[in-house]
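Visitor: One structure is given below, represented as structure tokens, and several questions about it will come after.
What follows draws every value from the coordinates through simple rules; no lab data is involved. In this text, all values refer to a predicted model and were calculated from it rather than measured experimentally. Here the Cβ is made from the backbone with ideal geometry for all residues, glycine too, and neighbour counts use every protein chain on show.
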Amino acid sequence: MKGKLKNAIESVGLPRIIIFLFLVLLFILTPFVGVRFDTSLNDVIIRFGMNGILVLSLFPMVKSGCGLNFGLQLGIIAGLLGSVISIEMELIGLTGFFVALGIAILFAVIFGFLYGLLLNKVKGEEMVVATYVGFSSVSVMCIMWLILPFKNPNIIWPYGGTGLRTTISNQGYWFHVLTDFFRINIGNYISFPTGTILFFAFLTFLVWAFFRTKIGASITAVGSNIDYAKSCGINTDRMRTISVMLSTIIAAIGIIVFEEGFGFIQLYLSPLYMPFPAIAALLIGGASVGKASIKNVIIGTFLFQGILTMTPSVLNSIIQSEMSEVIRIIVSNGMIVYALTRIERIRLR
Amino acid sequence: MKSKEENYLLKMEHVNKDFYGNRVLNDVTLLVKPGEIIGLVGENGAGKSTLMNILTGDPVIHETGGFEGRIIFEGKEISFSSPFEAINAGIGMVHQEFILLPEFTATENILLNREPTKYNVLSEIFGDRLNLLDRKEMEKRATTAIKKLEINLNSEMLAKEMPVGYKQFTEIAREINRESTKLLIFDEPTAVLAESEANIVLKILRKIANTGISIIFISHRLQEILEICDRIVVLKDGSVQKELIPSMTNSTEIAEYMIGRELKKGIRKFTEKREFNNTILEVNNLWVDMIAEQVNGVSFKVKEGEIFGIGGLTGQGKLGIANGILGIYPAEGEVKFKGKIINLNNPKFVLDQGIAFVSEDRRGLGLLLDQPIFWNIAFTSMQVKDSFTRSLLGGLVKWCDNNAMIKMSREYIDSLRIKCESEKQLARELSGGNQQKLCLAKAFVLKPELIFVSEPTRGIDVGAKDLVLDTLRHYNNQYGTTIIITSSELEELISICDRIAIVDEGQIAGILPATSDPVEFGLLMLGKKTERVVK
């Protein structure tokens with residue numbers, strides 16, 4: 001009995017159990033601090049659907065041994081380009097949404113390919129280089145958003161007539177097209193975003209299936225042991241590039257789904273820190289720099305978004321102050337630090 | 001009796017040492033007089049390094065449970081737990097691979113951590129550690145050490161700019177610069193040197209010995225040993241096989257003791273003499289750039305259905321041959337398989353031809369340690385032959401057929417008797433012997449016509465060794481598969497091969513039938529080239 005319990009704890013992982021128990025505690029506390037339980041639960045589900053794909057996008061690169069994608073911004077930028085171009089074209093509803101996806105994927109393929117070439121040149125230092133690729137690409141785009149020839153008055157600065165606004169609303173275009181797809185309302189406070197969750201599930205299935213194919217297996221082999229893969233005659237650089245492109249494409253899709261639920265497209269500096277919550281979520285889910293599974297993606301997104309939603313609302317009610325942003329930063333960066341120290345220990349062993 | 005005891009500088013008596021239950025030293029007794037040069041010879045794994053590690057207080061010894069026996073140095077019983085204690089007591093070691101700081105000059109390297117220093121104001125506050133280096137005094141001491149060796153070494157030269165020989169001289173100068181040094185251990189000091197440089201080193205050794213410092217000299221070059229040693233101690237399988245006096249012996253006799261006479265009788269697993277007709281593999285002038293296993297132009301032919309052995313001492317290049325042909329390390333030259341030229345540096349091409357490789361680097365190159373057994377067995381075959389995949393969507397997607405992999409793996413787990421909980425267990429969790437069988441299974445699944453197997457029994461226990469060799473032999477018998485085995489253990493090669501090539505200094509020293517006198521292999525390994533090549 002004792003052994004079984006120990007095995008169960010080990011297989012789920014102690015950190016996850018602690019975070020889960022903390023999350024349960026927060027939910028139990030809700031009625032006592034004047035926060036509605038059902039609204040909170042609904043918030044967690046909605047945020048889970050919005051962020052899941054961004055977390056999923058990290059998965060292929062971990063599998064191929066490129067580490068955590070600290071250059072997630074590149075994919076996000078592709079997604080932003082897709083979104084603003086679709087709105088520029090005045091496309092509305094699902095058409096607008098899918099055109100945005102299509103354009104975003106196109107950009108993501110190009111960005112991902114170049115990014116992949118770069119990462120193949122810096123094997124072993126991918127994460128450090130990726131961080132700076134991400135940061136600098138955001139800065140380059142700060143210039144591009146200003147000089148790209150967009151004309152739609154809804155998205156450019158009202159004065160001067162050139163350059164995109166920092167925040168663009170997608171309401172009236174494709175806001176909530178997924179979320180409202182077969183939306184299920186239970187009572188006044190719960191409204192299940194069926195479309196978003198289905199879309200996330202569909203993409204997750206695609207990624208899972210991809211890694212069950214021969215090419216996916218090759219990528220896994222490259223990630224587990226690059227020398228082994230070479231000796232099997234696998235073109236390791238090509239496999240790594242494919243995984244980087246895949247990560248970038250999924251990130252591009254992920255940000256569009258995020259915007260779809262959020263209602264706004266945020267340009268300029270806002271993608272700068274986007275990789276960190278996604279990475280933290282994956283790590284909370286039990287993944288490490290060299291190892292990840294679909295299970296880690298789903299559990300991690302749920303726990304991380306749960307904590308992010310619940311901690312501020314519950315704590316704010318208790319101590320009567322606005323701390324949500326601070327707590328969010330502490331949790332997400334703390335998780336990354338924890339995970340990065342964990343790898344060192346494994347390597348030294 | 002008492003006076004005789006004092007005559008010895010070092011007495012190592014009845015030393016025993018186990019590594020995880022493997023006995024590597026068995027009742028070794030080694031006596032060294034002051035000013036004497038002792039030659040220590042033995043095959044790889046005979047126990048030379050372990051014996052020296054015990055003497056110099058290598059931490060590995062303590063971490064693995066210490067040793068049994070007594071060591072008496074200058075009349076006192078000693079047991080060092082760190083190399084520093086050994087150095088302080090006066091036992092120095094000159095390593096085979098140079099331990100020098102590349103950006104430092106000869107002087108700085110020689111006096112490293114023993115620099116004469118000058119007092120200054122800061123040392124008043126922070127202590128001796130902030131004393132200034134006394135450059136002049138350093139220069140003087142270094143030059144004295146160099147002069148003692150009677151060599152022409154510029155004390156200002158940076159270590160990274162020195163030719164190999166000079167690096168070796170610097171190492172030696174560093175050791176003799178210590179006032180307290182009474183015993184020096186030279187671990188193959190001439191292995192990487194040209195002949196002229198090696199001769200200088202030998203002269204230096206003599207000079208050092210003449211000043212009263214004792215020397216333990218480890219070398220595989222028997223001529224050198226015969227030339228400068230006062231006494232020769234031959235180790236085999238962890239025990240002292242024989243003590244010889246150079247003037248009363250020759251290299252053949254030493255080789256015999258090293259290899260062991262008993263090898264001559266019946267260790268071969270089969271006795272019939274087999275005849276082969278077709279040449280399956282032809283290697284012409286192959287060069288391989290593999291660190292520490294450089295191959296410098298080897299040529300040989302292997303017949304179809306044969307078990308061909310490649311032997312030789314560590315670092316002589318025997319491992320480079322298989323790694324080069326399979327494209328793991330950069331190679332040049334001409335390799336023909338069944339008359340067709342093999343593209344070198346292209347593993348995929350070689351695998352496609354029906355050649356498989358079981359690497360010596362089992363955990364590094366041979367296995368996906370964090371993946372299940374069935375994946376490990378099936379993966380190469382899936383990559384090379386598209387087996388265990390199903391085409392979906394008109395061939396657009398190649399879906400991995402896990403069930404087919406598992407079914408096939410069960411067959412191999414049974415036939416090779418791989419001990420595991422299930423085919424889903426991770427490769428990491430298996431023992432060394434079972435991991436090796438996994439590597440063999442991986443190669444067998446490819447149904448190859450030629451298998452390269454490198455160090456098949458390295459790091460696995462005795463029982464598993466026999467199983468692995470039997471498996472290879474059986475596979476060869478049943479399917480007529482040609483097998484090329486590279487191994488450091490001559491016995492193993494003799495036991496199952498038809499012919500054995502011995503590699504020395506990156507070249508083939510000779511190819512002999514496995515039934516030849518083992519001493520001949522020993523001589524080939526030790527660099528006595530013979531012209532005899534069996535057709």
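Visitor: Between A:ILE279, A:ILE17, A:ILE76, find the one with the highest GNM mean-square fluctuation for chain A; connect C-alpha pairs within less than 10 Å.
Guide: Among A:ILE279, A:ILE17, A:ILE76, the largest mean-square fluctuation in the Gaussian network model of chain A belongs to A:ILE17.
Visitor: Measure off 7 Å from each Cα along the Cα-to-Cβ vector at B:SER516 and B:LEU101, then give the distance between these two points in nanometres to one decimal.
Guide: Each label point is offset 7 Å from its Cα along the Cβ direction, giving 4.9 nm.
Visitor: Here is a further query. Using just the C-alpha positions of chain A as equal point scatterers, what log10 of I(q)/I(0) does the Debye formula give at each q in 0.09 1/Å?
Guide: Those come out to -0.51, one per q.
Visitor: Magnitude of the Cβ-charge dipole of the stretch A:1-68, K/R +1 and D/E -1, about the Cα centre, nearest 20 debye?
Guide: On the way: 7 positive and 3 negative charges, 61 e Å.
Result for the stretch A:1-68 is approximately 300 debye, rounded to the nearest 20.
Visitor: Looking at the stretch B:82-231, how many pairs of lysines come closer than 24 Å at the Cα, when each pair is eight or more places apart or spans two chains?
Guide: Taking the Cα cut-off of 24 Å, the pair count is 27.
Visitor: Further question: Using a Gaussian network for chain A with springs between C-alpha atoms less than 10 Å apart, which of these wobbles most: A:VAL177, A:VAL62, A:VAL257?
Guide: Per the Cα network of chain A with a 10 Å cutoff, A:VAL177 tops the list.
Visitor: Does anyone have the angle between helix B:164-177 and the longest principal axis of chain B? Alpha-carbon axes, 0 to 90°, nearest 10?
Guide: Rounded to the nearest ten degrees, it is 40.
Visitor: Just the projected area, averaged over all directions, of the convex hull on the alpha carbon atoms of chain B: how many nm²? List each step's numbers first, then the result.
Guide: Working: hull surface 125.1 nm².
Convex hull of Cα atoms, orientation-averaged projection: 31.3 nm².
Visitor: In debye, nearest 20, what is the charge dipole magnitude of chain B about its Cα centre with +1 on Lys and Arg Cβ and -1 on Asp and Glu Cβ, if you could check?
Guide: Values: 66 positive and 74 negative charges, 178 e Å.
So the dipole magnitude of chain B works out to roughly 860 debye.
Visitor: Next up: For B:PHE67, what is the net charge nearby, where nearby means another residue's Cβ is under 14 Å from its Cβ and Lys, Arg count +1, Asp, Glu -1?
Guide: Details: positive: B:LYS17, B:ARG23, B:ARG70; negative: B:GLU13, B:ASP18, B:ASP27, B:ASP58, B:GLU63, B:GLU68, B:GLU77.
For residues surrounding B:PHE67, the net value is -4.
Visitor: If you average 1/r over every pair of different alpha-carbon atoms in the stretch B:436-498 and take one over that average, what Kirkwood value in Å do you get? Let's see the in-between values first.
Guide: On the way: mean 1/r = 0.0845 Å⁻¹.
Across the stretch B:436-498, the inverse of the average 1/r is 11.8 Å.
Visitor: Could you give me the radius of gyration and the Dmax of the protein assembly as shown, taking only the C-alpha atoms into account and expressing both in angstrom?
Guide: Radius of gyration, then largest Cα-Cα span, for the protein assembly as shown: 34.4, 109 Å.
Visitor: Turning to a different aspect of this structure: According to the square roots a ≥ b ≥ c of the eigenvalues of the Cα gyration tensor, what is the shape class of the stretch B:136-203, taking rounded for a/c under 1.5, prolate for a/b larger than b/c otherwise, and oblate for the remainder?
Guide: Details: a/c = 1.93, a/b = 1.23, b/c = 1.57.
Since a/c reaches 1.5 but b/c is at least a/b, the shape of the stretch B:136-203 is classed as oblate.
Visitor: Also, quick follow-up: Relative to the first principal axis of the alpha-carbon coordinates of chain B, what is the inclination of helix B:432-445, with its axis defined by its Cα atoms, in degrees from 0 to 90 and to the nearest 10?
Guide: Relative to chain B, helix B:432-445 is tipped by roughly 40 degrees.
Visitor: Please report B:ARG206, B:ARG221 as a ranked list, fewest other C-beta atoms within 10 angstrom at the top and most at the bottom. Walk me through the intermediate numbers first.
Guide: Details: B:ARG206 13, B:ARG221 18.
Ascending number of Cβ neighbours within 10 Å: B:ARG206, B:ARG221.
Visitor: I'd like the mean, over residues of A:219-232, of how many other protein chain beta carbons sit within 10 Å of each residue's own Cβ.
Guide: On the way: counts 0, 5, 7, 0, 2, 7, 9, 1, 6, 13, 5, 5, 15, 13.
That average works out to 6.
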